[in-house]
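Worksheet: one structure, shown below.
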Amino acid sequence: MKKSLVALALLGAFSGAHAQSSVTIYGTLDAGFAKTTNTTPGVSSPTTIGKRDNNKLGFRGTEDLGNGLKALFHLEIRMEPDTGTIEGVTRPLFQGQSRVGLQGDFGMVRLGRGLTALQESTVAFEPWNGLPNVAGFQTDLQVGGYRTSLAGSGSDSLGQAGNSGNRFANAVFYNTPVYNGFQLNVTWGSKENNGAPAIVGRGTATVPQYVAGAMASAYPYSVSATYSAPGAAPQYSILLATERNATEAKLYQIAAYVRPLPALKLMATYNKQDLEHFIAAGRPNSEMNSWVLGLNYTMGAGKLLLGYGQKDPELVAKTKQMSIGYEYSLSPRTYVYLDLSNKKLPTTATSTTSITQNHYSAGIHHNF
Amino acid sequence: MKKSLVALALLGAFSGAHAQSSVTIYGTLDAGFAKTTNTTPGVSSPTTIGKRDNNKLGFRGTEDLGNGLKALFHLEIRMEPDTGTIEGVTRPLFQGQSRVGLQGDFGMVRLGRGLTALQESTVAFEPWNGLPNVAGFQTDLQVGGYRTSLAGSGSDSLGQAGNSGNRFANAVFYNTPVYNGFQLNVTWGSKENNGAPAIVGRGTATVPQYVAGAMASAYPYSVSATYSAPGAAPQYSILLATERNATEAKLYQIAAYVRPLPALKLMATYNKQDLEHFIAAGRPNSEMNSWVLGLNYTMGAGKLLLGYGQKDPELVAKTKQMSIGYEYSLSPRTYVYLDLSNKKLPTTATSTTSITQNHYSAGIHHNF
Amino acid sequence: MKKSLVALALLGAFSGAHAQSSVTIYGTLDAGFAKTTNTTPGVSSPTTIGKRDNNKLGFRGTEDLGNGLKALFHLEIRMEPDTGTIEGVTRPLFQGQSRVGLQGDFGMVRLGRGLTALQESTVAFEPWNGLPNVAGFQTDLQVGGYRTSLAGSGSDSLGQAGNSGNRFANAVFYNTPVYNGFQLNVTWGSKENNGAPAIVGRGTATVPQYVAGAMASAYPYSVSATYSAPGAAPQYSILLATERNATEAKLYQIAAYVRPLPALKLMATYNKQDLEHFIAAGRPNSEMNSWVLGLNYTMGAGKLLLGYGQKDPELVAKTKQMSIGYEYSLSPRTYVYLDLSNKKLPTTATSTTSITQNHYSAGIHHNF
């Protein structure tokens, strides 16, 4: 009598066991102490347990398909280490990214959700390497306030409330190969309804320019082009990038870095943002310029970070930020850090008056 | 002085490190372009980034307990690759399944949540192998609309709003071994309150037949029996299945497939659904019949899928669907696909008038 | 022509591939049948599919930094196996714990969210080893009702609604090394707003003592000190512990166990809880005493668990619980179990009258 448990009805459940698996688990945990003064005028935050970097738990894999072709995927959970929730409590589980695609002689093409070409390219030109902490420049000045300042701006302007502002959902991501140091990166988004809340824009509260659940009014795209002098650590690199989001906010960026000494990296970025599609010209924030200067200096296991930047929105008070940070590596995967910053910013998003916030944070950063 | 960090208070946190681990990570990422016409009469969807298959990230393991006995578990996250959220935004994290149990000479018994016996068995008789995409038949015609058409139908009729309709929660899953090609599969659910919204049924809006948070009015069960002609790829297979859900909707299914040539699989399925427990006889949808015919033909790395089916609910317009698909394998784990379908369906769930939708999708499917 | 896909813009996405990974996946799946009588007076629960232990899927790693120093982290998902949701449907994804830190000659220091020193230390003195099931004593009597009985009590008294009551978020966790059998464990929490609902306390519904989103009125802390007679399975152990939560509820605990025979463990715990900061003296529950006696006896692959305990809140009916359990190991990682208990408890949290509940559960427990 033949007797076996491997029946048709169960094949679906177990067939994966025979496939070669190539999943790598990776991630970052970063937690520390932080304090900010003047979070509301005259009031400081309590000392909190927070983070300097995004905390993530990721799953990725590549499969060699032969002839130089590869399939690849990334699924990246983001979380808050101090409370154990997913990032921002309400963001997508795979907030980091969820993408699948192919890589070959033609470059790399992926589908899903992830950082746009501009947002992914710009971090190498920011003195905190794109970390989202308060002392860094990435979230605000490095992208000219485009990412977070106002409803309708940011890469994900028609995403669900609470989503981070530097990704496209429902998108195609294409990166060319690097030819003689040149690379072009393009992100294209569909017009799909992503469950966004209404954006008043040039409309009124009852007749908003973008109703709740609106589709994009034009295809969102993001393009970045880089030239890097060849070498493992390029002597210099130049970035040109532009992006138009689902509500037709536009960002133009130029950035460069140079390494006059192997241990020294000097950076500069300039942005111009145009929100006139949904903010009438001459209204607060309809245009915005920003720039950031940065320096990294490596001393043995230590690394010094310095940055200064300004943001100048139309008819709104200037933002000015100065930051200093220090990282001390305990291993290639683990370091401790101290960040200090001083930031003058508009009291509200449309104020002509300013407040000044001081911030410190100190903690531990561990990659796995 | 004895000095060690391994103290009692910490044993709990670290003891797992000594145990032999046998966790396998597996999953599927599938993303592509899709478009459907007449999603509302006269209006087409935009081109979207969507999926053809369920996207999953799973964790499973088996432990050999000796004497032919094994412990086994599955935890399967489901997600939307285009937005990074969990499946359907609000479904359970381990939407795919969460089950633990034992396997031995007696068969396999598992506890938790997963596909019912009927839903798990039927996929082998559907031309898209149970994939949930629009061109496939699984979600609608293959189970006669039982799964999704009306509140109170579907396997999970008293689950939380938004749950998928083909699973039992709080259930016991038993599969016999295969004896001479025969196998019996039984799923039994408890009557537990699962947080369902109210179902009006034969009651009224103020006095619904099933109040919010109601328990099952009878124990839900699902039974499937299969006979497969022995062999790695059986020459033919027959399925008989029936299910009664928590609101006493009933489904009866008979299905078969045959392989006249090694590369050719022909399939047929017939269903009868009875909703009379909560819809009065002679009201729309109280009974429903459906059938699906399918064909798979393998040509080298390519595979052709064809299907045609009808659903005939009482006093409601018929549904008629014709689909064609093509898969091209880049490896045993990765393929690209193109699906086309034409579907005539009732304008609403109780309409006697119809609309016609055309659908296309093309993308990449990657297992890991 | 130099041609490579490893461009600057993509380094961030793939750099982890070069790092040595040291992630271990671990977890527990436990599911079984359960039934409780008198869940409301005169009504029994249906037979349900439930759990005896917390179900978890964890990720952890340690990195040797040299000189006896290690970096370590834990990320622990909790879930409900019977429905596939995260624990309690609304709890943080990493409900088990999310912590990162360093370990060395100085002991171990971690940041994030996890069990407090008292809650982590006390489980070794409870006859069900801290399991949360109904027959066990951990959730209620072992910590004197401090964990769950009233808004404002429990370790996480200003956490989000639905959070479990035995953890600190935004906390620092320090454990000394073990010196001659002695160990000290300290948890300190920040005052951060964790999104708690209002707690009326000594205020009124309109002017609650703790408004929604209140910060802690004093720094929460938890301290435990243990002495264990050296050895892999200590002959005896003593625990002294105290905790003050964010709403200044206080708990004092003394516990001990002894092993007169290698197979026999006898345990006793005594608690005193003081809620007078937010409940006026002389009101129900303002003070509370509890004690638990327990026994574990190992017989080959079997293990017998016995326990009896009482809780005596001020002006409220006493709780009395007697439980018996049996575990049978199928392997070092897998066992089946049967638990029975009889519990007399106040009809409501402030009642002077009692009801009696009988409970049984039987299932399978699998570690991976």
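A short reminder: the numbers here are calculations on the coordinates, not readings from a lab. Keep in mind the model is a prediction, meaning the values are calculated, not measured. Glycine gets a Cβ as well: all are built from the backbone with ideal geometry, and neighbour counts include every protein chain shown.
Key figures for this structure:
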quantity	calculated
Cα centroid separation, region A:275-324 to region C:23-61 (Å)	51
Cross-link pairs beyond the 30 Å C-alpha cut-off, checked among A:K35/C:K311; B:K51/B:K344; A:K56/C:K70; B:K51/B:K265	A:K35/C:K311
7 Å along Cα→Cβ, label-point gaps from C:I254 to other copies, nm, shortest first	7.7, 7.7
Partner chain coverage, peptide B:191-199 - average Cβ within 10 angstrom	2
Rounded to whole Hz, the Karplus (6.51, -1.76, 1.60) HN-Hα couplings of region A:52-60, x for glycine and proline	9, 10, 5, 9, 9, 9, x, 10, 8
222 nm mean residue ellipticity, helices alone, for the protein assembly as shown (DSSP H n ≥ 4; -39,500 (n - 2.57); rounded to 500)	-1000 deg cm²/dmol
Spin-label proximity, A:S354 to region A:255-294 - amide N less than 19 Å from point 7 Å beyond Cα toward beta carbon	A:271, A:284-294
Value of Rg/Rh across the protein assembly as shown [Cα atoms, Kirkwood radius]	0.96
Listed residue (B:N342, B:T116, B:T85) projecting farthest to the positive dipole end of chain B, Cβ model	B:T85
Order of A:L29, C:L261 - criterion: other Cβ atoms within 10 Å of each residue's Cβ, fewest first	C:L261, A:L29
Only Lys, Arg (+1) and Asp, Glu (-1) charged, at Cβ; region A:161-262 dipole about Cα centre in debye	100
Per-selection Rg to Rh, region A:224-328 - Cα, Kirkwood hydrodynamic radius	1.08
Region A:29-367: C-alpha gyration tensor shape, a/c 1.5 cut-off, then a/b vs b/c	rounded
Test item: Cα-centred dipole of the protein assembly as shown, Lys/Arg +1 and Asp/Glu -1 on Cβ, debye	380
Residues whose placed amide H lies under 5 Å from that of B:V178, excluding near-sequence neighbours	A:S4, A:L5
Cβ neighbours within 10 Å from other chains - mean over C:325-333	3
q = 0.13, 0.17, 0.20 Å⁻¹, region A:160-273: log10 I(q)/I(0) [Debye, one scatterer per Cα]	-0.64, -0.90, -1.08
Rounded FRET efficiency, nearest 0.05, which uses the C-beta distance separating A:V89 from B:L338 and R0 of 56 Å	0.90
GNM flexibility winner over chain A from A:E248, A:E327, A:E63 (Cα, springs under 10 Å)	A:E63
Centre separation in Å (Cα based) which lies between region B:148-201 and region B:92-135	11
Residues A:R259, C:R52, sorted so that the one with the fewest Cβ neighbours within 10 Å comes first	A:R259, C:R52
Shielding by other protein chains, A:73-80, mean Cβ within 10 Å	6
J(HN,Hα) series, region A:66-74, from Karplus relation 6.51 cos²θ - 1.76 cosθ + 1.60, nearest Hz, glycine and proline x	x, 6, x, 9, 9, 9, 8, 8, 9
Within-14-Å neighbourhood charge of A:L315 [Cβ basis; K, R +1; D, E -1]	-1
Relative packing of peptides B:92-101, A:204-213, A:271-280 - highest average C-beta neighbours within 10 Å first	B:92-101, A:271-280, A:204-213
Student exercise, chain B dipole from Lys, Arg, Asp, Glu Cβ charges, in Debye to nearest 20	320
Computed over region B:153-209, Kirkwood Rh from alpha-carbon pairs, angstrom	13.5
Long-range tail of P(r) for region B:36-126 (Cα pairs > 19 Å, %)	59
Kirkwood estimate for region B:95-160, i.e. one over the average of 1/r between Cα atoms, Å	13.4
